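Structure first, then comments.
The values are calculated or read from the model by the stated rules, or taken from the named source; none is laboratory data. Since this is a predicted model, take the numbers as computed values, not measurements. Positions of Cβ are backbone-derived with ideal geometry, glycine not excepted, and every protein chain shown enters the neighbour counts.
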Amino acid sequence: MSSRESALGSMHRPSGPLLSLCRRVRWRTRARSAIERGVLAGLLGGGVALVVLVLVRLRVLEAGALGPALGAAAATVGLAVLSGLLRRVSDLQAAQRLDRAAGLHDRLGSAIAFGARPEPTPMEEAAIRDAEAHVGRADPRAAAPLVWPRRGWALLAVAALGVGAWLMVVPVGPAEGRGLSPLHFPRPPARQRVTLAPEDRRELAEEAVRLAEQAAAIEDPEVRSWVAELNELVRALQEGRITPEEAHARIARLSRARDEWSEKVGEGMQELASRAREAAEAVRRPHRTTSPLLEALRAEQWAAAARAMRELREKTERGDLSGGEARAVQRDLAALARGLESERQARERKAKRERDRLKKKEAEAKDRFGRRDRDRLAKAERELERLRREEQGAGEARRQLERLQRELDRAAQDLARRQQGDPDQQPSAEQMRRAEDIMRRLGELTAGQRQMRVARGRLIDLEEMMRRAGQQVGQGKDGQGKDGQGEGGQDEGGQDEGGQRERFLVRAGGDEPGGKKGQGKNGQQPETRRGDDVTLLSPGRSKAGGVKGGPGQGAQGPPVPGQGPGSARLGAAADGIGEGHDPRVLGERTEQQAAGVEDQVRGSEGAGPSQSRVIRSAASRGFATQSWRAVHQDYSQVVEQALERQEIPAGQRRYVRRYFDLIRPR
Amino acid sequence: MQAEVEARVRAFEEATRRLTREVGKVIVGQDEVFEGVLMALIAGGHALLEGVPGLGKTRLVRTLADALDLSFSRIQFTPDLMPSDITGTKVAIHDAEGRTVLEFERGPIFANVVLADEVNRATPRTQSAMLEAMQERSVTVGRTTHSLEEPFFVLATQNPLEMDGTYPLPEAQLDRFLFKLHVDFPSAEELHAILDRTTHGHDEAIAPVLGKAELLELRRLAMDVPIARHVQDFAVRVVEATHPERPSAPEATRRFIRYGASPRGAQAIVLTAKVRAVLSGRFAVSCDDIRHVARPALRHRIIRNFEGEAEGVTTDRVLDDILRLVPEKA
């Protein structure tokens, strides 16, 4: 042993107790680290395994995939635990932990650090001894506590989810057994279907037949498609295979389609037919050849007019018309075209004439074509442009009528030229054929508009039915078993002929119409109390009510505590017509929450204040001279303003609007 | 050897206990300030005491000087104080033979304990002369350099309230002070004790309990106190955290500090931490010692930026954040 080694050997180093403490802290630290890392790895691996398990349970993956997933998860956990156990923890770190835990002012850590130096100074050796003297205060359990891991609860949650996934019941798919099977998720619970009153359903059944007949007779493809869709909606409602949301959406879609069609067609066909009738009446002493056409127009029958025009065209094509007849036809068609000319067309004709005159003047005498003429020409051009835009913006019906006027005018002009012996003149049969098509189209539009008008009323009726159905469902939901208005109650109960009396009996006795399994969401207690107060007619009750036995619970109501059969009690107590009465004569307040959003407004007793408004159109000229369209428009606006300004329940507003909609000029 | 070390430490404890007891006869409360002054004295540094007038700063220093059996001088700094008033100057005197000769007349700086009262009232030139002497521990007059006798300990005071007619010490000169100590208003109980002691007509006599040699021995012992690497590493990280450009700097430093502490700050921390360790009867420095001395050692060495000054963020608050956020283990 050299002198240096001897000197080193005499130096004081950290002794056994201190190092032993450090060793214990090291192991505890490693164990803690292993647990934490294992939990983290378990969380990750368990999460992956959970996903695989769910996919296996859903048969997206084969069951064989679960084993490797679980194995991988276990291996991950094992590796994490191993890495924690092998974590490098030095004596210094352990001593620091001990120092902090016991408040030793870094005595132990410093001692370890000084002990590692090759030649500790006397003060360092004194520090080591001081540390050894304080070893007794150090506590490895406090320095490296083995506490519940930070992510322990999350791991437990994953494990619980795994158990839940394992126990999950998944419907068997049709393709099971063929390797990967498609997912077959359970169908979502059926939403509440629209349940109409029996009379409404009967009405809808008749309506469906009616609509089908009408659809077959409609020539306009758009209208036919629209009516077919309406018919489908009616049938769906009648058969109860549609939810209120779907029904409202389809009604809204139909309303939009109808509005778009009406906008496309433009002004009312009745007005156009009236114009055609006036034009036909304006033809003086019509020839017998054109009489059928003019008669049809006077009768506002576009289809008949088209047929008459076809006969006239065929005669013209065959050359059956004599010279006199041709002149008469030409005269009558020209007169008819003049009568059909719209105000816009008249302005357009005048503007064209003015433009042509000015252009001719410009071409012939440019020097005399002054600034004023140029302004006039520009004005005429602008007017023509404006009229063209007006024509483009007009509805199809008006454009068709103007086209008819033009075709009739051209046909008359052709006939006139042919009579004048123009050999190059094309026969007027083509214009007549076009006029015939236009008349047929006008007939289609007239029929379509009529159909749409009727159908709109049907839509309103459907909305009203939906509203009633909603209220019924709401009642069934709120008081299932009370009055049997729920879906199931209707289905099982069949024809609820004596509904009112039945409802009275049920309210008095706390029973439901079916006489079995009455379920009441609210107020089982009040029902019993009422039952005590009233003597009920028990025998033949179901006969009187027309309700057969069966589960009478409402469609929407979940079974809740407080439900109970009422028939037995009812049967025992009911022995005749009651003499007493529910002391609360007014009964319970109507539960509205199931039917919709409660909407209340504050009112005042009596007549209350009233508003008077002077309608400008009525005051200025009087009703007699004012068209109903203008008057209605003014009134509608005033009513809309009043509806917006005043507090009126939303449900009542609809009635007001509906009234004004129904009296709308058509 | 071990027994000798332990004896030295016990002697240290005993000496400081005696000194504390003697000073405690006059000074009530202000334990933290006295501990700071004592640590600076033993560590061989100087201390700057900051506090409003009347809190006993001067009294504390004078009492300490009385208890230390050291030469003491007090310099009241005023705007017209000249450097030579501190360092001394050459004066013409007649020698024994009747000739007139120039002889260096020592100024008040030539004492073991110097109280520089209201140091911020003197002009920067005078302050510089004082601070140069503090740093170099010598005074140069003409071509002659006069060494100051060890121990040389300057306690400077300044009033934080009065700004008119004062010349705040530049940061570079503040760095010369080992500690900057805040003298706070005493508690009600301490105030009662002060009144009881100072209003009965006679002062308590202070006896010198610690001589020059003992003090120098204490200083040597303190320098011998070892510091483990991990504890020193903590001190280094604390100082680094005062530098806003360092990645380890906390948010408060990055936001409110312009310049961090100098290496002299780290030296001050370690030196005074060693003293505190021995004062506590330990043989090695702990991280708690570092935490304890970090505020007085660094608060005057870090410079706030405009935002810090505008928002009234004190350097103590920043240091609190640093000490809270810097971990003891790397």
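General observations
- Residue check, B:GLU132 modelled with pLDDT of 85 or more, surrounded by 15 or more Cβ atoms within 10 Å (Cβ to Cβ) and not small (Gly, Ala, Ser): no
- Summed over region B:2-20, residues that are away from chain A (no Cβ under 14 Å), touching a residue at least 24 places away in the same chain (Cβ under 8 Å) and surrounded by fewer than 19 Cβ atoms within 10 Å (Cβ to Cβ) total 1.
- Taken across region A:55-65, residues that are at pLDDT 85 or above and either part of a helix (DSSP H, G or I) or crowded, with 18+ Cβ neighbours inside 10 Å (or both) do occur, with at least one present.
- Close pairs (7 angstrom Cβ cut-off, 6 or more residues apart or separate chains): farther than 15 Å from B:HIS46 by Cβ in region B:140-158, among the small types (Gly, Ala, Ser) and surrounded by fewer than 18 Cβ atoms within 10 Å (Cβ to Cβ) anywhere: B:THR145/B:SER138; B:HIS146/B:SER138; B:SER147/B:SER138
- Filter pass, A:LEU70 being more than 14 Å from chain B (Cβ to nearest Cβ), assigned to a helix (DSSP H, G or I) and either in contact with a Gly (Cβ under 9 Å, 6 or more places away or on another chain) or among the aromatic types (Phe, Trp, Tyr) (or both): yes
- Scanning region B:133-166 for residues that are part of a loop (DSSP other than H, G, I, E, B), within 26 Å of B:LYS90 (Cα to Cα) and under 22 Å from the mean Cα position of the chain (by Cα) yields a total of 6.
- The one condition in (1) without any contact (Cβ under 8 Å) to a residue 60 or more places away in the chain; (2) more than 10 Å from chain B (Cβ to nearest Cβ) that A:GLY47 fails to fulfil: (1)
- For region B:317-329, taking the residues that are among the charged types (D, E, K, R) and touching a residue at least 40 places away in the same chain (Cβ under 8 Å), the one that is farthest from the other protein chains (Cβ to nearest Cβ) is identified as B:ARG317.
- Residues in region B:83-114 that are of a type in the set (A, V, I, L, M, F, W, C) and over 23 Å from the mean Cα position of the chain (by Cα): B:VAL91, B:ALA92, B:ILE93, B:ALA96, B:VAL101, B:LEU102, B:PHE104.
- Where strands (runs of 3 or more DSSP E) fall wholly inside region B:28-119, the ranges with 3 or more residues that are in the same structural domain as B:GLU149 (by TED's automatic domain parsing) and under 23 Å from B:ARG301 (Cα atoms) are B:47-50, B:113-117.
- Of all residues making up region A:349-398, the number that are among the charged types (D, E, K, R) and in contact (Cβ under 8 Å) with a residue 60 or more places away in the chain: 2
- Check on A:ALA101, within 14 Å of chain B (Cβ to nearest Cβ), in contact (Cβ under 8 Å) with a residue 40 or more places away in the chain, of a type in the set (Gly, Ala, Ser) and part of a helix (DSSP H, G or I): yes
- Residues that are crowded, with 23+ Cβ neighbours inside 10 Å and facing another protein chain (nearest Cβ under 10 Å) within region A:81-98 comprise A:ALA95, A:GLN96, A:ARG97, listed in sequence order.
- You will find that of A:VAL158, A:VAL135, A:VAL147, the residue that is more than 12 Å from chain B (Cβ to nearest Cβ), more than 22 Å from A:LEU44 (Cα to Cα) and of a type outside the set (Gly, Ala, Ser) is A:VAL135 and no other.
- Complete set of residues in region B:283-313 that are facing chain A (nearest Cβ under 10 Å) and free of Cβ contacts under 8 Å to residues at least 12 places away in the same chain: B:ASP288
- Count - residues of region B:141-165 that are surrounded by 13 or more Cβ atoms within 10 Å (Cβ to Cβ) and more than 19 Å from B:ARG299 (Cβ to Cβ): 9
- Scanning region B:92-119 for residues being among the aliphatic types (A, V, I, L, M) and within 22 Å of B:LEU81 (Cβ to Cβ) gives a total of 7.
- Of note, A:ARG141 does not satisfy the criterion of being surrounded by 15 or more Cβ atoms within 10 Å (Cβ to Cβ) and charged (D, E, K, R).
- Some residue of region B:51-59 being at pLDDT below 85, buried (at least 20 other Cβ atoms within 10 Å of the Cβ) and within 24 Å of B:LYS212 (Cα to Cα): yes
- Residue among B:GLU240, B:GLU190 that alone is at pLDDT below 90 and either under 24 Å from the mean Cα position of the chain (by Cα) or not basic (Lys, Arg) (or both): B:GLU190
- Of the criteria (1) among the basic types (Lys, Arg); (2) surrounded by 24 or more Cβ atoms within 10 Å (Cβ to Cβ); (3) at pLDDT 90 or above, which one B:ARG291 fails: (2)
- Any hit, region A:76-94, residues being on the phi > 0 side of the Ramachandran plot and not in a helix (DSSP H, G or I): no
- Sub-6 Å Cβ pairs linking a first residue in region B:82-100 that is surrounded by 10 or more Cβ atoms within 10 Å (Cβ to Cβ) to a second residue that is in a loop (DSSP other than H, G, I, E, B), at least 6 apart or interchain, are B:ILE86/B:GLY107; B:ILE86/B:ILE109; B:THR87/B:GLY107; B:THR87/B:ILE109; B:GLY88/B:GLY107, ordered by first then second residue.
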